[in-house]
Amino acid sequence: MANGFSGARIFAAFSALALFLSATPALAQLGQPRNWQLGFQEAVTPIARQIGEFHNFLLILITAVALFVLGLLIYVALRFNDRANPKPSKTTHHTLLEVAWTIIPILILA
């Protein structure tokens, strides 16, 4: 050919490209999680171990907070629904309650 590309070279290039593209999904499976796998991969350094322990602690803490909030939501939905409370109170400016829901998140975040 006049431009320097022969049919064999083009075929070899496309074959190499096809081989690479067909191997890519198989190589992508190497880092994929498995069923019921939880947490990080095996730690090598002490700092990575500490990060893993901190992650596990936070997982337990966040689960406890989420279950507590879920319990409160269910309680409020059942306690203050229309059937249980047909004539709601008209309470406004409950100072103790307003201070409590301001201070409690501050204490949690501190």
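The values are calculated or read from the model by the stated rules, or taken from the named source; none is laboratory data. Note that this is a predicted model, so its numbers are computed, not measured. So basically every Cβ, Gly included, is an ideal-geometry build from the backbone, and we count neighbours across all protein chains shown.
The figures follow:
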| item | result |
| --- | --- |
| Sole exception among (1) surrounded by 10 or more Cβ atoms within 10 Å (Cβ to Cβ); (2) among the β-branched types (Val, Ile, Thr); (3) farther than 29 Å from LEU109 by Cα for THR63, by number | (3) |
| Some residue of the stretch 17-39 being surrounded by 10 or more Cβ atoms within 10 Å (Cβ to Cβ) and within 30 Å of LEU109 (Cα to Cα) | yes |
| For PHE54: the one exception among (1) part of a helix (DSSP H, G or I); (2) surrounded by 10 or more Cβ atoms within 10 Å (Cβ to Cβ); (3) modelled with pLDDT under 90 | (3) |
| Flag if PHE14 is on the phi < 0 side of the Ramachandran plot, at pLDDT 95 or above and in a helix (DSSP H, G or I) | no |
| Residues (of a type in the set (S, T, N, Q) and farther than 17 Å from VAL69 by Cα) located in the stretch 80-110 | ASN81, ASN85, SER89, THR91, THR92, THR95 |
